[in-house]
Amino acid sequence: MEPGKTQIRRIEQYKDRWSSFGRGTGILDISEKPTPDVLRQYPIFKEFDDKFLEKISPDVSIARWKKNAVLFEEGSYIDIAFFIVSGEVEISLQKDVSGAQQVPIFNRSRTVFVNPGTSVPEERGKTVFQAQVSKQNRSASSITFLSSIDFNLPSEGLIKLGPGEIFGEIGALSGWPQSVTARASVDCDLVQIRVASLRQMRKTSPSLKNRLDALYRERALFSQLKTTPLFSGLSDEVVQSLVQKIELVSYDPDEVIARESEPCDGLYLVRSGFVKLSQRVGEGNIVVSYLPKGGILGDAELLLEGMTGWICTASSKEYCELAKLSRNDFGDVLTKYPGVESLLWNSVVNRLKESGYSKRVVRQSEFIDTALNKGLVEGNSILVIDLNVCTRCDDCVRGCADTHGGIPRFVREGDKLGNFLITRACYHCEDPVCLVGCPTGAIRRADVGDVVEIDDKICIGCHTCANNCPYDAITMLDTGEKWPDDTIPERYRGKERELATKCDLCYKDPAGPACVRSCPHGCAFRVGDIKEFRELLWKPV
Amino acid sequence: METGVRDIVVGRIDLKRWVQEPRWLLAFSVAMVLCLLTYAINASISEINPGNSWGITYGTFASILMVGDVLYAVRRRMLKYDLGNSKTWVQFHVYGGTLFAVLVLMHSGFRWPVGLMNWVLWSLSLWVTLSGLFGVFLQRWIPTILSSGLSVEVVYERIPELVDQVRICAEKVVEECTDTVKDFYKMNLAGALVAPQSKAIYFVDVTGGIRTMLRTFEYIRPLLTLEEKGKLERLEGMYKTKLELDAHFTIQRPLRWWLYTHVPVSLMLVLLVALHLYVVSVY
């Protein structure tokens, strides 16, 4: 395939995962892997020792951005936090930043949170924040808050950040799309820190943690609480006082958040990640439930009379960000606003029902465990095949291949759960990690539903998305072509051209996914979430 | 989500495994009753033979159904086009094909055919219908065997390649083993790991068959040191994978081979019916 103009432009932009360095972009200069001495010139690194700085230096770059350059757009997924050394950065909710001459590094990805195939035109044009509020309102079970708010901005608002300020860290740490657009008002120097190192820095330095927490409180927490059904009825003063009282806590994967029967110290709200809930049975533990983003931990313990200890052990499944309200503060809220209690009871009842069911029915526990381990909890559209009915004719794969120019976007292989095969087709995750770090923006949310697609015209085959995908749902295809001799960067010239490919849910086809409609026995299904999957497996709870 | 499949999983109505779309069965039954009723009334009024107007009418309907059935093969080669759900096409193919046979019998007046051509057409029609129904039986039965205890899920065409990979891995492990394990491997496993093998026992009891074949490992295990036992366990795991691949190879094969009994004969039938129509209309 001939590289088009867009592709050439994208290739020109590409230097590495940091940026679209080069012609047509906003970066004038970039230095990577700075030495500890260089890093220590910047206030944010001052307190760290040489050993630590050496360790994190591959994750840090120092870039000079041109005036009007768009650093990232609202809706893009980034894994970098920015620290302003000099200059000024404009933060706004404007979708199309006027005056910006450059194509943003992190290409805009319009995020519309609906099930694939569902047409919700009114969602289009909304900001990420508005879309999430609207999604939350549609979900009756969700009464707690959203993570993806980076700044408390009015709809037409704009703020300017100067030297010493940090931004982009909330979206990067939570793995959610940015809720604002950032643009360089003047030429600026920025330190860019990847999220893995930012986590380490936050863990090592209590002062940095306090600073990030303070920023979170100042920029996001109030709006988050006010737009949450659980707290939306509270007066501004009470919410403001909660903002100060809430403790922001982070956990590494598999870290214990609360241990069964130990005293319950407060109410936890999951900001990002998944929390696994397990209970002791005999000599071991079984998984009884899990909490996704917006889930509440400690509600049952605090509401049930005479209950002081944790009902179950809660541990983080991946990097988790939680907000904690102490027992006393929560008690104060309940006294002043009894309505909060009735909202919480629903979630308590549901969780207790599910925990009880999991303890009685082993397969439920196994199912939740598998769903957490295999990432089914993340999926918005998982392709499963009923092996009790499937004749292994491969028409699903053939249908997929025929629809995509002869190259199938999945293989009929994968993990088995009961009699169902979970194929290695893209799950179209709620928080797609594959989108993080794509240097050209080739992988992005499509215009419809939660579909994640790859634009093969601008994919440079760097493997970033394929390496990021925990479910092996992205494959690198050898196109059989070579990069042209005028390719920039030069190191690509003459080399084999690879292309990342993945399921796009055939979203452009009104008939729906080819895999499902090509199955002659109706045994290929797309399940929207694990509840649907559970319904397939057995009668729901 | 299809309610029918959910019911199968829940296990309320096992019959649904065999009848995927009850609506189609109902429609087919109604059509069948109507056909037979028409035929009974028709036969009580006048004689029916392939050459008279009644016989020709039944034959025409049979030919139309046959064309509809053949279109399924065309549809399978045009999956990228939105020509409706494949499942609907299959249902039409199955029930329409069965009704075709009934109409052929009505066309001949439920009498033995006369003449070579008619005999061939009549026999091929029955063969195609019966082989089709046998295929339906295989397609309902075989998936249940495949999903009854096999941990490996595999694409049939890839089995030889995967067996090769297992053999290479096993040989690497054996290289590091003592002579006892090497001899055991040479005598019991080497031959089996060369290529996929078909064994009828998998049709009867797939997990039992594999367990029986793994029993040989029990004889050598007590003779080995702890370290060697670990290596033997790895070999056992690989051999088990190979046996599961064999099971897939054995069980999935009839699903492929069955097509050879159905498709070529169907094509022959289509050609002969076309010839038959030409001869009848011209002469």
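The values are calculated or read from the model by the stated rules, or taken from the named source; none is laboratory data. If you're wondering where the values come from, they're calculated on a predicted model, not measured in any experiment. FYI the Cβ positions are ideal-geometry reconstructions off the backbone, even for glycines, and counts take in every protein chain you see.
Just to be sure, is A:K374 away from chain B (no Cβ under 11 Å), surrounded by fewer than 20 Cβ atoms within 10 Å (Cβ to Cβ) and either in contact with an Asp or Glu (Cβ under 7 Å, 6 or more places away or on another chain) or within 28 Å of B:V136 (Cβ to Cβ) (or both)? Spelling it out, A:K374 is indeed away from chain B (no Cβ under 11 Å), surrounded by fewer than 20 Cβ atoms within 10 Å (Cβ to Cβ) and either in contact with an Asp or Glu (Cβ under 7 Å, 6 or more places away or on another chain) or within 28 Å of B:V136 (Cβ to Cβ) (or both). Taken over the range A:385-395, the criterion of being part of a loop (DSSP other than H, G, I, E, B) and more than 7 Å from every other protein chain (Cβ to nearest Cβ) is satisfied by A:C393 alone.
Applying the selection to the range B:121-158, what residues are part of a loop (DSSP other than H, G, I, E, B) and of a type in the set (G, A, S)?
Hits for the range B:121-158 are B:S147, B:S148, B:G149, B:S151.
If you go through the range A:299-308 one residue at a time, do you hit one that is within 23 Å of the chain's Cα centre (by Cα) and in contact (Cβ under 8 Å) with a residue 40 or more places away in the chain? No, the range A:299-308 contains no residue that is within 23 Å of the chain's Cα centre (by Cα) and in contact (Cβ under 8 Å) with a residue 40 or more places away in the chain. Once the range A:407-435 is narrowed to residues that are within 10 Å of chain B (Cβ to nearest Cβ) and on the phi > 0 side of the Ramachandran plot, the residue that is modelled with the highest pLDDT is A:G414. If you go through the range A:491-514 and pick out every residue that is more than 10 Å from chain B (Cβ to nearest Cβ) and either under 17 Å from A:Y427 (Cβ atoms) or surrounded by 17 or more Cβ atoms within 10 Å (Cβ to Cβ) (or both), you end up with 12. Could you say whether any residue in the range B:143-161 is away from chain A (no Cβ under 14 Å), closer than 30 Å to B:G208 by Cα and over 19 Å from the mean Cα position of the chain (by Cα)? The answer is yes; a qualifying residue exists.
Table: residues versus (1) surrounded by fewer than 18 Cβ atoms within 10 Å (Cβ to Cβ); (2) among the hydroxyl-bearing types (S, T, Y); (3) within 30 Å of A:D509 (Cβ to Cβ); (4) at pLDDT 90 or above.
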{"site": "B:E47", "(1), (2), (3), (4)": "yes, no, no, no"}
{"site": "B:P50", "(1), (2), (3), (4)": "no, no, no, no"}
{"site": "B:I56", "(1), (2), (3), (4)": "yes, no, no, yes"}
{"site": "B:S63", "(1), (2), (3), (4)": "no, yes, no, yes"}
{"site": "B:V67", "(1), (2), (3), (4)": "yes, no, yes, yes"}
{"site": "B:V70", "(1), (2), (3), (4)": "yes, no, yes, yes"}
{"site": "B:M78", "(1), (2), (3), (4)": "yes, no, yes, no"}
{"site": "B:D82", "(1), (2), (3), (4)": "yes, no, yes, no"}
{"site": "B:T88", "(1), (2), (3), (4)": "yes, yes, yes, yes"}
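Of the residues making up the range A:364-383, those that are over 13 Å from A:I422 (Cα atoms) and charged (D, E, K, R) are A:E366, A:D369, A:E378. Can you find even one residue in the range A:56-74 that is among the polar types (S, T, N, Q), within 28 Å of the chain's Cα centre (by Cα) and more than 22 Å from A:I443 (Cβ to Cβ)? Within the range A:56-74, one or more residues are among the polar types (S, T, N, Q), within 28 Å of the chain's Cα centre (by Cα) and more than 22 Å from A:I443 (Cβ to Cβ). The residues on offer are B:Q139, B:Q165, B:Q197, and the sole one that is at pLDDT 90 or above, closer than 30 Å to B:T225 by Cβ and polar (S, T, N, Q) is B:Q165. Scanning the range A:515-541 for residues that are farther than 18 Å from A:L421 by Cα and more than 10 Å from every other protein chain (Cβ to nearest Cβ) gives A:P540, A:V541. For A:C390, state whether it is touching a residue at least 24 places away in the same chain (Cβ under 8 Å), in the same structural domain as A:N468 (by TED's automatic domain parsing) and within 19 Å of A:G512 (Cα to Cα). When the stated conditions are applied, A:C390 does not pass them. Kindly indicate which of A:L277, A:L334 is outside any helix (DSSP H, G or I) and either among the aliphatic types (A, V, I, L, M) or at pLDDT below 90 (or both). The conditions single out A:L277.
Residues checked against (1) over 17 Å from A:S518 (Cβ atoms); (2) assigned to a loop (DSSP other than H, G, I, E, B); (3) under 21 Å from the mean Cα position of the chain (by Cα):
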position	(1), (2), (3)
A:F367	yes, no, no
A:A371	yes, no, yes
A:L383	no, no, yes
A:V411	no, yes, no
A:I422	yes, no, no
A:T479	yes, no, no
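Taken over the range A:189-236, the criterion of being within 19 Å of A:K160 (Cα to Cα) and outside any helix (DSSP H, G or I) is satisfied by A:D189, A:L190, A:V191, A:Q192. For the range B:53-77, taking the residues that are over 25 Å from the mean Cα position of the chain (by Cα) and not small (G, A, S), the one that is nearest to the other protein chains (Cβ to nearest Cβ) is identified as B:I64.
Can you name the residue in the range A:517-535 that is assigned to a helix (DSSP H, G or I) and under 27 Å from the mean Cα position of the chain (by Cα) and is also surrounded by the fewest Cβ atoms within 10 Å (Cβ to Cβ) among such residues?
Selected residue: A:K531.
Go through the range B:78-96 residue by residue and tally those that are under 18 Å from B:V273 (Cα atoms) and within 14 Å of chain A (Cβ to nearest Cβ).
Of the residues in that region, 1 qualify.
Out of curiosity, is A:R360 among the basic types (K, R) and either closer than 30 Å to B:V152 by Cβ or assigned by TED's automatic domain parsing to the domain that holds A:D456 (or both)? Answer is no for this residue.
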